[in-house]
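*Asks:* What follows is a single structure, and I will ask about it in a moment.
Bear in mind these aren't lab numbers, they're just calculated from the coordinates by the rules spelled out. These figures come from a predicted structure and were not determined experimentally. Virtual Cβ from ideal backbone geometry, glycine too; neighbours counted across all protein chains shown.
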Amino acid sequence: MEKTERNPAALTALAPLIRGLYINTGRYPWVVMQSPPGETEIPSEALVIEIGPVQTADTGLDTGYAAKILQDTYTAWEFDRAPAGAEAAGRTEVSKKAPSCVVVKDADTIQGIYWIDRDFDAVQKRLETRDDSLLTEKIEKIEKVIEKKPSPVCNAAQRAAVVDHKIALVTGGAQGIGAAIVQSLAVSGAVVFIADRNREGAETLANQINATEKRTAAIPVEVNVAEEASVEALFTTVAKTTGGLDICISNAGVLRAGSVLEQRLEDFTFVTDINYTGFFLVAKYAGRLFREQHRTAPHWKTDLIQINSKSGLEGSTRNAAYAGGKFGGIGLVESFALELVDYNIKVNAICPGNFFDGPLWSDPEKGLFVQYLRAGKVPGARHIADVKAYYEAKVPMKRGCTGPDVMRAIYYIIEQEYETGQAVPVTGGQVMLH
């Protein structure tokens, strides 16, 4: 029996390091899940790692040194288990074995127990049953991109395969364009955290998706992106639940239209706090999580994507708070891209045109059609239908932007490993870049 004494900060940092270690070994997006407090027995097949020398008084863990200890211990375990010499050379099919459980110790104290498997449900089962049997996969299978059936949500089926089995997070994912993104990622094989202030809406959507997919494809998490403590807690939850993240889509956004001559400061600040400062906070804590994975998986690319707007590419009359925040968001994207490329984090923006069918535009009380009608943005408009027709006529393609339109751009930006710091328009020709 071992003593259990857990340092929450160290546990959170260790999970992405362990996930990165397995990604680096198999080039595959594994799931890592922490055991809850109270376990004191080390599973017989567990990989035991002595982490004591890297404890620090201030932060709890020197993650750089911890990464080296993890890598060295895993390499030694693999060397002991691997076939050697003529036996390995004569094999036509080589299988990899890996521990399904990692125990991190400090002397006689268990700091954390972590379970690893290919998907969320499999690792959840291992945790519940304490199934520590070794993971075994043929190398050819590990490196193969699994083919998926065409997605009914987005028809870019082959491109969508780039998110298969990856772990994603979408802020503002409970409704509108965020919900469309969540649904497409889930259908394409990802596990998606639905991060939204509307906890009930996130839970409802997650239940619908999980029932349809017949697996745990969506996980609801409550967050207020304008509050730093809430955002930090969000990414701590991600680390504890799946061990890390591959794709973070900062989609949460609000809009309150109004003339610069009349708009209240509190409305301007509300929009800026969510659309601009909120993106900064999401980037800060997603970036930290990505950085820790990078320590043990230096060749694995991760994606931070902001859902911006065509209003981030051109001004918007009587809508300065929204456009200003979106313009600023592209400045953040370009700046973050230059800094975070050191950790193989790609940072890009998608700039959709008007998503007319979502609540942002169509909500009967707070939607933009109603706001713009009241604000007099459309000359001569007397009804909501007049406002909608006015905005549809502005688009060369004569329709609003849809979820599949946005998803094609997202899949492209994830698949395209060479681009970072870009703002990709999805506007039906309404905004054309030069």
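*Asks:* Compute the length gained on full extension between residue 284 and residue 200: take 0.36 nm times their separation in residues and subtract their Cα-Cα distance, giving the result in nm to one decimal.
*Replies:* Values: separation 84, 0.36 × 84 = 30.24 nm, distance 2.62 nm.
Contour length minus Cα-Cα distance gives 27.6 nm.
*Asks:* Please state the relative contact order of the chain as a whole percent: Cα pairs under 8 Å, 6+ residues apart?
*Replies:* About 15 percent, as a whole number.
*Asks:* Still on this structure, please answer the following. Run the numbers for residue 233 and residue 270: contour at 0.36 nm per residue of separation, minus the present Cα-Cα distance, in nm.
*Replies:* So the extension gain works out to 11.2 nm.
*Asks:* Still on this structure, I have one more. Using a cut-off of under 13 Å, list every residue of the range 354-395 whose amide N is near the label point 7 Å from the Cα of residue 314 along the Cα-to-beta-carbon line.
*Replies:* Inside the label zone: 354, 391-395.
*Asks:* If you add up the charges near residue 259, with Lys and Arg at +1 and Asp and Glu at -1, over every other residue whose beta carbon is less than 15 angstrom from its beta carbon, what do you get?
*Replies:* Counting the neighbours of residue 259, the net charge comes to +3.
*Asks:* Ok, one more. Residues of the range 334-366 with the amide nitrogen closer than 20 Å to a label point 7 Å from the Cα of residue 390, along Cα-to-Cβ, please.
*Replies:* Within reach of a label on residue 390: 353-366.
*Asks:* Go through 345, 308, 369 and say which Cα lies farthest out towards the positive end of the charge dipole of the range 251-403; charges sit on Cβ, +1 for Lys and Arg, -1 for Asp and Glu.
*Replies:* 369
*Asks:* In whole Hz, with x marking every Gly and Pro, tabulate ³J(HN,Hα) for the range 219-226 from phi via Karplus 6.51 cos²θ - 1.76 cosθ + 1.60, θ = phi - 60°.
*Replies:* 10, x, 9, 7, 7, 10, 5, 8
*Asks:* Determine, for each peptide in 353-364, 204-215, the mean count of other beta carbons within 10 angstrom over its residues, then list the peptides with the highest first. Spell out each step's value before the answer.
*Replies:* Working: 353-364: 18.8, 204-215: 15.8.
Descending packing order for the listed peptides: 353-364, 204-215.
*Asks:* Name the residue farthest towards the positive end of the dipole of the chain from the options 13, 360, 282, assuming +1 on Cβ of Lys and Arg, -1 on Cβ of Asp and Glu, about the Cα centre.
*Replies:* The Cα lying farthest towards the positive end belongs to 360.
*Asks:* A further question on this structure: Mind checking the dipole of the chain: about its Cα centre, +1 per Lys or Arg Cβ, -1 per Asp or Glu Cβ, Debye to the nearest 20?
*Replies:* Numbers: 46 positive and 54 negative charges, 313 e Å.
Charge dipole, the chain, about its Cα centre: 1500 debye, nearest 20.
*Asks:* Let me ask something else about it. In terms of modelled amide H atoms, which long-range or inter-chain residues lie less than 5 Å from the amide H of residue 50?
*Replies:* Answer set, sorted by chain and number: 105.
*Asks:* Would you list which aspartates and glutamates come within 17 Å of residue 398, measuring only between C-alpha atoms, while excluding same-chain residues fewer than 8 positions from it?
*Replies:* 357, 386
*Asks:* Here is a further query. Skipping prolines and chain starts, which residues have an amide H placed within reach, meaning under 5 Å, of the one on residue 426, given they are 5 or more residues away or on another chain?
*Replies:* Hits under the 5 Å cutoff: 351, 353.
*Asks:* Using amide H atoms built in the peptide plane, which far-off residues or other-chain residues are under 5 Å from residue 319 H to H?
*Replies:* Under 5 Å from the amide H of residue 319 lie the amide H atoms of 258, each far enough along the sequence or on another chain.
*Asks:* Could I ask something else about it? Quick one: net charge around residue 281, please, counting Lys, Arg +1 and Asp, Glu -1 for every other residue with C-beta under 9 Å from its C-beta.
*Replies:* That sum, taken over residues with Cβ under 9 Å, equals -2.
*Asks:* What order do you get for 308-314, 332-338, 293-299, 394-400 when each peptide is scored by the mean count of other beta carbon atoms within 10 Å, highest first?
*Replies:* Order by mean packing, descending: 308-314, 293-299, 332-338, 394-400.
*Asks:* So for each of 192-201, 124-133 I average, over its residues, the number of other beta carbons within 10 Å; can you give me the resulting order with the highest mean first?
*Replies:* Packing proxy ranking, top to bottom: 192-201, 124-133.
*Asks:* Lys/Arg Cβ at +1, Asp/Glu Cβ at -1, dipole of the chain taken about the Cα centre: which of 397, 245, 298 is farthest positive-ward?
*Replies:* Value: 397.
*Asks:* Taking a 32 Å limit on the Cα-Cα distance, which of the listed pairs 326/388; 310/366; 125/366; 214/310 fall beyond it? Could the numbers behind the result be given before it?
*Replies:* Details: 326/388 22 Å; 310/366 20 Å; 125/366 44 Å; 214/310 36 Å.
Flagged as over cut-off: 125/366; 214/310.
*Asks:* Please enumerate, by chain and number, the aspartates and glutamates with C-alpha under 18 Å from the C-alpha of residue 68, excluding those fewer than 8 residues away in the same chain.
*Replies:* Filter leaves 50, 78, 106, 292.
*Asks:* What is the sum of charges around residue 371, taking Lys and Arg as +1, Asp and Glu as -1, for the other residues whose C-beta is under 12 Å from the C-beta of residue 371? If you can, show how the numbers build up before the last one.
*Replies:* Numbers: positive: 256, 318, 366, 374, 377; negative: 267, 363, 365.
Local charge sum for residue 371: +2.
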